[in-house]
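Colleague: Take this structure, written in structure tokens, and hold onto it; I'll ask about it next.
Every number here is computed from the coordinates shown, using simple stated rules; none is lab data. Just so you know, these numbers come straight off a predicted model, no measurement behind them. With ideal geometry, Cβ positions are generated from the backbone for all residues, glycine too; neighbour counts draw on all protein chains shown.
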Amino acid sequence: MTHAQQDAHEGPAGSRQEEPADQRAPLAGKVALVAGATRGAGRGIAVELGAAGATVYVTGRTTRTRRSEYDRAETIEDTADLVTAAGGQGIAVPTDHLEPDQVRALVERIDAESGRLDVLVNDIWGGEQLFAWSSPVWEHDLDKGLRLLRLAVETHAITSHHALPLLLRGSGGLVVEMTDGTAEYNAAHYRNSFFYDLAKSSVLRMAFSLGHELGPRGATAVALTPGWMRSEIMLDAFGVTEATWRDALKDEPHFAISETPRYVGRAVAALAADPNVHRLNGTSLSSGGLAQLYGFTDLDGSRPDAWRYLVEVQDAGEPADTTGYR
């Protein structure tokens, strides 16, 4: 059952006919770890996994008592509460994924409490304040660039190292490496700066490599990118809210193709519920592409296909027009 459909069908007189439990909560009994779930895509993914019935461990560095260098109000406890409210079980575990001992303790806790791990989402990023859009590598702040690579690449490797033995203990596990851009798009386009480009391309390659290592062992790894996502930080940058996001179109008309974080969350939930997901092992995927495959929609009922729009409209210099793209 996808989110394009309803959890229950209307009967002849408008009465609701309940779906079987396994259709209403296709991930009931499953355990997920969303690493980097404080806000943005990580939060959207965690909530949608919860809506599908999963137990979701959510990690990050910002809690109700301590903030990361982002110094923002979103917390992992808030994310866990949203997961639980959506129908799953949210469990917040403060974790710095650059610290192997903390990641090891996290996985040991998941094992002790749940005894399994079915889905690992590597969404750790933390680099928004660390890259310059217009500085070449020789002018870019080196410490910030190297810190970005540690946060965006090293964290994923540390997390996979410690979490994959637990995931492989069962069968049919799924690893989702979150990045920005598809493999096809990033191979042909420079992405903002040397360090940003390197980070996002590295994560794509991680999914490809993990596909080779996990595939023969019965698990699946994919890379996944959202489109132009209306994260909390993006909305703040435009001075709008989710309710007023269209006000930003006067300054950036192409923002019309944007999507909520829940859209890519529904993509992950659909992948996790697909018994044949292994056919996608090692591939690069997008929220818009998976919406076409699985039939889910964004919260407003549309299916934005941002990466196709980017190539055919925005990069081509055409006027903003989302007709046929959402």
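Colleague: Of everything in segment 217-261 that's in a helix (DSSP H, G or I) and of a type in the set (D, E), which residue is farthest from the chain's Cα centre (by Cα)?
Modeller: D247
Colleague: Six or more apart or on different chains, Cβ atoms under 6 Å: show the pairs whose first residue is in segment 33-50 and in contact (Cβ under 8 Å) with a residue 60 or more places away in the chain and whose second is among the acidic types (D, E) and surrounded by fewer than 24 Cβ atoms within 10 Å (Cβ to Cβ).
Modeller: The qualifying pairs are R39/E74; R39/E232.
Colleague: Restricting to strands (runs of 3 or more DSSP E) lying wholly in segment 31-117: which have 3 or more residues that are buried (at least 24 other Cβ atoms within 10 Å of the Cβ)?
Modeller: In segment 31-117, 31-35, 55-60 are the strands (runs of 3 or more DSSP E) which contain 3 or more residues that are buried (at least 24 other Cβ atoms within 10 Å of the Cβ).
Colleague: Show the residue pairs that are 6+ apart or on different chains and have beta-carbon atoms under 6 Å apart, the first residue being within segment 236-258 and on the phi < 0 side of the Ramachandran plot, the second being part of a loop (DSSP other than H, G, I, E, B) and polar (S, T, N, Q).
Modeller: Every condition considered, the pairs that remain are A256/T322; I257/T322.
Colleague: Moving to a separate point now. Looking at E213 and the list (1) closer than 23 Å to R39 by Cα; (2) surrounded by fewer than 22 Cβ atoms within 10 Å (Cβ to Cβ); (3) touching a helix residue (DSSP H, G or I) at 6+ places or on another chain (Cβ under 9 Å); (4) among the acidic types (D, E), which single condition is not satisfied?
Modeller: With respect to (1) closer than 23 Å to R39 by Cα; (2) surrounded by fewer than 22 Cβ atoms within 10 Å (Cβ to Cβ); (3) touching a helix residue (DSSP H, G or I) at 6+ places or on another chain (Cβ under 9 Å); (4) among the acidic types (D, E), E213 is out only on (1).
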